[in-house]
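Shown next, in structure tokens, is the structure this report addresses.
Quick note: the coordinates plus some simple rules give every number you see, no bench work behind them. Keep in mind the model is a prediction, meaning the values are calculated, not measured. Please note: Cβ atoms are built from the backbone with ideal geometry, for glycine as well, and neighbour counts cover all protein chains shown.
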Amino acid sequence: MDDRDRNKRLLDLLKLRENSECADCGCPEPDWASYKLGVFICLQCSGIHRNLPSITKVKSVRLDYWTDDLIQFMKDTGNQRATEIYEASVPPFYYRPRAKDCVVLKEQWVRAKYEREEFTSSRRSLDIYTTGHREGFLWKRGKDNGQFLKRMFILSEREGVVKYYTKQDSKVAKGIIPIKSLNAMFQEEKLGHVHGLEITYLKDGKTRSVFVYHENGMMFPDDFCVPLQEIVAWFNALRVARFNYLKALFPAAAESELIPKITRNYSKAGYMEKTGPTQREAFKKRWFNLDSQERKLLYYKDPLDAFEQGGVFVGSKERGYQVLAGLPKGITRNRWKDGITIETPERKYVFTCENTKDQSEWLEALRELISRPMTTEDFNAEADSFRKMRPK
Ligand SMILES: [Zn+2]
């Protein structure tokens, strides 16, 4: 058989539905494979696998030479079979990274799956996730001066909070983050650090953002000789605390309903320009975060600000919300010309985007949101937002 036929046999395996996405991050059309583990993976995940030569070895499906034995092994294993083995018991709180997520999360997921074998059926779950307590130093961005300083962080599930202290022996906490409204997400680019995490919570009706990172710290969990990235351990510890909080709050709810509520990523973030309520004010460039779960489009002067400057509640189509491409007539825009108009029952909001691609991404994210019906909590949040807008 010539080499081209060999690769063709592999490419046929890629046409199977079970192999149509990367086994590790779900990225479509993977064309790399681990011939030790029998999984088809994407280019980026193949880079992660390459750094773990004791457990996995990769080849390109298209370009490398494959022996009959290896092709047969790929056929016998494949992504579905491997998932059944290596993801047999992923705890519900454990964050499964997707294609868009940062490399740290993906790398730790790959190591957790294949190196530590945390999720095979025979393995008990790691204690570090389930003790409900975690403490250690993280670098935290100062609210006012923007400087990163080392702070002691303590997660106490029993008290339902994360506290941070200026010094290890400080008596009084500098800040208290309630698990009730806590959210956490990796923000590699925004913080300029691969281990950067944004933690948010509600404070006096506003969203407080706390930015932290861990300096590439590794730890060795009990019974494991394989290190774990500190920041990922923190992230999952926060997720455990959130998951347990939600389970207590909604005892009758199915796990699958609670999982998306544990933590969430912004569905879209970036710069747009905005004008004021009369739409005659000059357009100003602001950073925007779209939190689709909370139905909030929040804007900031600087992406790393501790609090938003303001925000728009984005309801549903049924409730009369509309998202339109372009600006209403007679508006004098600034440099950026690709407009977006959000119509709410109370007023119109207009924005401009840097280019058409960005505009279409914002439109897609906003339209997805307004197509989703509102819950009782959403109606309450909407009423609050209208109340805040009206002159007192
Ligand atoms: Zn991947």
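General observations
- For Lys174, the residues whose amide H sits under 5 Å from its own are Tyr164, Tyr165, Thr166, ignoring neighbours fewer than 5 places away on the same chain, with H placed 1.01 Å from N.
- With the highest mean first, a sort of the peptides 367-374, 4-11 on other beta-carbon atoms found within 10 angstrom per residue produces 367-374, 4-11.
- For the chain, the alpha carbon convex hull comes to 177 Å³ per residue, rounded to a whole number.
- Sorting 344-350, 167-173, 375-381 by their mean Cβ neighbour count within 10 Å, with the most densely packed peptide first, gives 344-350, 375-381, 167-173.
- Segments 283-294, 89-100 sorted - mean Cβ within 10 Å per residue, highest first: 283-294, 89-100
- Modelled spin labels at Thr375 and Asp144, positioned 7 Å past Cα toward Cβ, are 3.8 nm from each other.
- Pairs of Cα atoms farther than 24 Å apart, segment 85-211, %: 38 percent
- Here the label points at Ile85 and Arg387, each 7 Å from Cα along the C-beta direction, are separated by 5.7 nm in the simple model.
- Derived scalar couplings ³J(HN,Hα) [segment 244-256; Karplus, 6.51 cos²θ - 1.76 cosθ + 1.60; whole Hz; x for Gly, Pro]: 5, 4, 5, 4, 5, 6, 10, x, 8, 6, 6, 3, 5
- Charged-residue dipole, Cβ positions (Lys, Arg, Asp, Glu), segment 127-262 about Cα centre, Debye nearest 20: 740 debye
- Cα gyration tensor shape of segment 144-201, rounded if a/c is under 1.5, else prolate or oblate by comparing a/b with b/c: oblate
- Assigned charges on the beta-carbon of Lys, Arg, Asp, Glu; segment 269-344 dipole about Cα centre (debye): 360 debye
- Summed side-chain charge close to Arg17 - residues other than Arg17 whose Cβ falls under 14 Å, Lys, Arg +1, Asp, Glu -1: -2
- In order along segment 65-81, phi translates into HN-Hα couplings of 8, 10, 7, 4, 4, 5, 4, 5, 4, 5, 5, 6, 9, x, 5, 5, 4 Hz, rounded to whole numbers, per the Karplus curve 6.51 cos²θ - 1.76 cosθ + 1.60 with θ = phi - 60° and x for Gly and Pro.
- Among Leu63, Leu16, a tally of other beta-carbon atoms within 10 Å of each Cβ gives an order, fewest to most, of Leu63, Leu16.
- Scattering profile of segment 3-115 at q = 0.10, 0.17, 0.21 Å⁻¹ [log10 I(q)/I(0), Debye over alpha-carbon scatterers]: -0.26, -0.75, -1.14
- Positive dipole terminus of segment 268-389, leading residue within Phe313, Pro303, Leu327 (C-beta point charges): Leu327
- Cβ-based exposure ranking for Phe137, Phe386, in which fewest neighbours within 10 Å come first: Phe386, Phe137
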